[in-house]
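The values are calculated or read from the model by the stated rules, or taken from the named source; none is laboratory data. The structure displayed is predicted, hence computed values, not measured ones. Using ideal geometry, Cβ is built from the backbone for each residue, glycine included, and neighbour counts are taken over all protein chains shown. All accessible areas refer to the heavy atoms of the entire protein, side chains included, with ligands and DNA or RNA removed. Shrake-Rupley method; radii C 1.70, N 1.55, O 1.52, S 1.80 Å.
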Amino acid sequence: MRKEDVLRLPSMPAAGPSYPAGPYRFINREFLVITYETDPELIRAGLPEPLELVDQPIVHYEWIKMPDSSGFGSYTESGLVIPARLNGEEVNFVSQMYLDDDPPIAAGREIWGFPKKYAHPKLEVVKDTLTGTLEYAGTQVAVGTMGYKHEAMTGNGDQTRAMLAKTQVNLKLIPGVDGRAEVCQLVAINLTNIVVKGSWSGPGRLHLVPHVNAPVADFPVRRIIGARHFMADLTLPYGRVVYDYNKQADDLAEAAE
């Protein structure tokens, strides 16, 4: 294999890459998002600097069903997203993610730094209830429910499109062969080519169970703010580095000399 062939590989292993080159298109991506208040000191502890708190200590708990994902296939994920502020911009910090498909776990961690772990999330309609569950290591750690399509969100999808287009920020941490953090960055992503196909709001509830390896309950539910259900097509492009911890540490070391 020539050197230029190696550099053209989209991912490891060379014999059968784990995922193709992007960008990645998602068709009929379905969301259940339950927004709730938690304790502000826990939010502060869960946000890596230089991310800052917003005025209200809220968390979005999400289930996302992805039946048609280019390069990744069909899978479902679930996790926690924390609204935050970076350099004056309102962003969403992706705190925890759990999903049931190996290629998007590898790609998510290696490219964008999404905090993905293997688990068993599920999003389905049961009678009159949109129901999300998350099982990790044989234990159910999250249950979310929403009244099915109680109220269509007003407008032409602009509010939902704005939610999806909001900047997402991940903490990308990849150790080098010496065990130190060779890559330690905040990475930002903005979804593109968003086509909203439906959007609804309604009553919601969320139950979280403490678990050492899926610590979603570390942000306990104090008050449910609302629930949203929507479906969209969208593209996940490559991201950009907005903060480099190693570079900042090197700059500080040089300044101290």
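Each residue of segment 165-173 is assigned a 3J(HN,Hα), and the resulting list reads 7, 4, 4, 9, 10, 10, 8, 8, 10 Hz, derived from the Karplus form 6.51 cos²θ - 1.76 cosθ + 1.60 (θ = phi - 60°), x at Gly and Pro.
Report summary: the helix-based calculation at 222 nm, which adds -39500 (n - 2.57) for every DSSP H run with n ≥ 4 and divides by the residues of the chain, gives -4000 deg cm²/dmol. Among 132, 239, 176, the largest mean-square fluctuation in a Gaussian network model of the chain, built with springs joining Cα atoms closer than 10 Å, belongs to 176. Taken over the C-alpha atoms, the chain has Rg and Dmax values of 18.9, 67 angstrom.
For segment 1-72, the share of accessible area belonging to carbon and sulfur comes to 55 percent (1.4 Å probe, ligands and nucleic acids excluded). In a fully extended conformation the segment linking residue 5 and residue 180 would gain 60.1 nm over its present Cα-Cα distance, using 0.36 nm per residue. Heavy-atom accessible area for residue 205, with the other protein chains in place and a 1.4 Å probe, reaches approximately 150 Å². Overall, the accessible surface of segment 137-196 at a probe of 1.4 angstrom is composed of carbon and sulfur to the extent of 52 percent. Residue-wise HN-Hα couplings along segment 92-108, as the Karplus relation 6.51 cos²θ - 1.76 cosθ + 1.60 with θ = phi - 60° gives them from phi, are 10, 8, 7, 8, 9, 9, 9, 8, 10, 8, 5, x, x, 5, 5, 5, x Hz; Gly and Pro carry x. Taking all protein chains together and a 1.4 Å probe, the residues 148, 245 rank 148, 245 from largest to smallest accessible area.
Solvent exposure of the chain amounts to 50 Å² per residue of accessible area, where only protein heavy atoms count and the probe is 1.4 Å.
Taking the C-alpha atoms only, the angle from helix 245-256 to the longest principal axis of the chain is near 50 degrees.
Shown here for segment 103-147: trypsin sites (Lys or Arg not before Pro) in loop regions (DSSP other than H, G, I, E, B) with at most 16 other Cβ atoms within 10 Å, namely 127.
Here the extension length gained between residue 127 and residue 247 equals 37.9 nm, from 0.36 nm per residue of separation less the Cα-Cα distance. Note on the chain: GNM, Cα springs under 10 Å; of 64, 105, 224, the largest mean-square fluctuation is that of 224. Cross-linked pairs 117/149; 122/197; 166/197; 117/197; 116/149: Cα-Cα separations exceed 23 Å for 117/149; 117/197; 116/149.
Amide hydrogen proximity for residue 225: with H placed 1.01 Å from N in the peptide plane, the residues at 5 or more positions away or on another chain lying under 5 Å are 35, 36, 37.
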